[in-house]
Amino acid sequence: MSLFGKVGAYLQALRHQDPLPEGFTPISECRADDIFIVGYPKSGNTWFQNLIAGVAFGVDPRWSPPALVHELVPDVHYNKHYRRYATPMFFKSHALPRPDYRRVVYLLRDGRDVMVSYRHYREVVDGEKLDLLNFVSPETDLYPCHWNEHVDAWAQNPHGAEMIVIKYEDLLREPVRQLQRFCEFAGLQRDVGHLSAVAAASSFRQLRDKEAKMGFGRTDHTFESGPFFFRRGVAGSHKDEMPADALKLFMDQARSTLQRFGYLVNSAECVQETLE
């Protein structure tokens, strides 16, 4: 293509881009003190969006429209732009380590439960049945990568981000304590009563009921009645959902990562570490 042709194509592309609404910022622009809630898909990212909406912005997750939660804590993979309601701003992301992510809350969940839940989610989104054995195969191209690769990459923290880790299982077991850790990291002053109320309002049952009544709140997630984004919300779901052959294949890839972060507590080789 000639130079004039390239310029013409560029100008045409600009004309078809959505204009930036007044008062909004491109999603690619952030500040050094902004906080990114990062985790592999189905590790509690959307749950934590709701928790932040309650903790940081005082929204009652039981009654707030789902779209409001997505606006207050925008998803960097979905939103083109956002309105800055506070500084630091909070963003949801599944990304691998990036130099512009200076402050990170990493959500970590047992990879076996993750893969079961992620397969169900992809089936709903893609509209087709997926064999779990094939799904966990290292030959399968998963977004954003395979679970152990994501966890290991953030464990290395190559860009030196300020980071805390919150385990999904700890958030289920002791939500107030984990929210206290989040508040300490984010510089938020919140009393225990407020955190307890937000945790109760953001329980799996509450969020599932709200989804049934109001939907998910995003145009790319228009699930029909039946399959829900908030599906089970338990720890150990792989025990009755992951066939032995799929479990073995997954363990061949992820055993050392599971051991390193305390998910194989009965293994003699297990040395529990943290990402912090």
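What follows is calculated from the coordinates using simple rules that are stated; it is not laboratory data. Quick caveat, the model's predicted, so the values are computed rather than measured. Using ideal geometry, Cβ is built from the backbone for each residue, glycine included, and neighbour counts are taken over all protein chains shown.
Can you give the percent of C-alpha pairs in the range 97-216 whose distance is more than 24 Å? Kindly include the intermediate steps, with their values, before the conclusion.
On the way: 3208 of 7140 pairs.
Roughly 45 percent, rounded to a whole number.
Taking 8 Å as the Cα distance limit and 6 or more residues as the minimum spacing, I'd like the relative contact order of the range 53-200 as a percentage. Walk me through the numbers on the way to the answer.
Working: 111 pairs, mean separation 43.4, N = 148.
Averaging sequence separation for qualifying contacts and normalising by length gives 29 percent for the range 53-200.
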Which cross-chain or sequence-distant (5 or more) residues have an amide H under 5 Å from the amide H of H81, H modelled 1.01 Å from N in plane?
I27
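How large is the Rg to Rh ratio of the range 6-144 when both quantities use alpha carbon positions and Rh follows Kirkwood?
On the way: Rg = 17.6 Å, Rh = 17.2 Å.
With Rh from the inverse mean 1/r over Cα pairs, Rg/Rh is 1.03.
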What's the ranking of 192-200, 239-247, 88-96 by average number of surrounding C-beta atoms within 10 Å, highest first?
88-96, 192-200, 239-247
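Using 23 Å as the Cα-Cα cut-off, could you pick out the over-long pairs in K80/K129; K129/K248; K92/K167? Before the final figure, lay out each step's value.
Numbers: K80/K129 30 Å; K129/K248 21 Å; K92/K167 16 Å.
Distance filter (> 23 Å) returns K80/K129.
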Show me 167-177, 104-114 ranked by packing, highest mean number of other Cβ atoms within 10 Å first.
104-114, 167-177
Dipole of the range 20-154 (Lys/Arg Cβ +1, Asp/Glu Cβ -1, origin at the Cα centre): which of L130, Y78, S117 lies farthest to the positive side?
Y78
Residues whose placed amide H lies under 5 Å from that of M163, excluding near-sequence neighbours:
V104
